[in-house]
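None of the figures in this text is laboratory data; all of them are computed from the coordinates on show. Keep in mind that this is a model prediction, so the values were computed, not measured. Every residue, glycine as well, gets a Cβ built from its backbone with ideal geometry; the counts of neighbours run over all protein chains shown.
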Ligand SMILES: [Mg+2]
């Protein structure tokens, strides 16, 4: 467990922790472009939590526009998938996207085993989350971090990815999903969602950017005709108990 203080966005020992993670398989033949999109899966591209899920009916699990989005993006970006699911579920969910049929060949598709657990605490709140630091991807591949974008619905797991993050609203098919508070944008629900269509337009517009770390991608939705739900919000904030803080200090 790595414990770090609020404000110290990328702890010094991140690289050391990352180098100890298992090495995933990288498909070098799938590297065709200079730039890479690292895509989250759940609630970014699809949702498998609906009780009405029917694997034979894509409408019950695919985010609107996802197939077109993947197909279009794969012509200008390389694609990698990075999920908090176990590898087995990553593979199953990618099968639901039928990537071969789309002509999308991911450079990698990795899950929970390739994330790191982070804890940090302010005076009033504690955070405990799995992170996907983009440094890990530039360590494993030939992509420079300035050419990588991290697309996710969960702001917490992107906290160590610097400026290279483009957040989308978490998408649910179930209309009664109770998200509660969320770290990221407020959620988008149902078949009317068009975020991926607009995200595709945005990513196409910035495809020529020389350095994604120099551009802030926090307000990309502002230009789009979708309800603006305000800046990313905090979520799953656990009030800190004094005993926990002491225990954490001792563990560190
Ligand atoms: Mg997600």
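Computed over segment 122-174, relative contact order equals 35 percent, with contacts defined as Cα pairs under 8 Å that lie 6+ residues apart. Inter-label distance, residue 222 to residue 52: 3.6 nm, where each label sits 7 Å from its Cα along the C-beta direction.
For the ranges 44-52, 31-39, what's the packing order if you count other beta-carbon atoms within 10 Å of each residue, average per peptide, and put the highest first? Walk me through the numbers before you get to the answer.
On the way: 44-52: 17.3, 31-39: 19.9.
Those peptides, ordered most packed to least, come out 31-39, 44-52.
When a/c reaches 1.5 or more, the comparison of a/b and b/c decides; with that in mind, is segment 33-116 rounded, prolate or oblate per its Cα gyration tensor? Judged from the Cα gyration tensor, segment 33-116 comes out oblate (a/c at least 1.5, b/c at or above a/b).
Report the gain in length on full extension from residue 100 to residue 130: 0.36 nm times residue separation, minus Cα-Cα distance, nm rounded to one decimal. Before the final figure, lay out each step's value.
Working: separation 30, 0.36 × 30 = 10.80 nm, distance 2.94 nm.
Residue separation times 0.36 nm, minus the Cα-Cα distance, leaves 7.9 nm.
Sorting 216-222, 54-60 by average packing, meaning the other beta carbons within 10 Å per residue, from highest down gives 216-222, 54-60. Extending 7 Å from Cα along the Cβ direction at residue 204 and again at residue 59 yields two label points whose distance is 2.6 nm.
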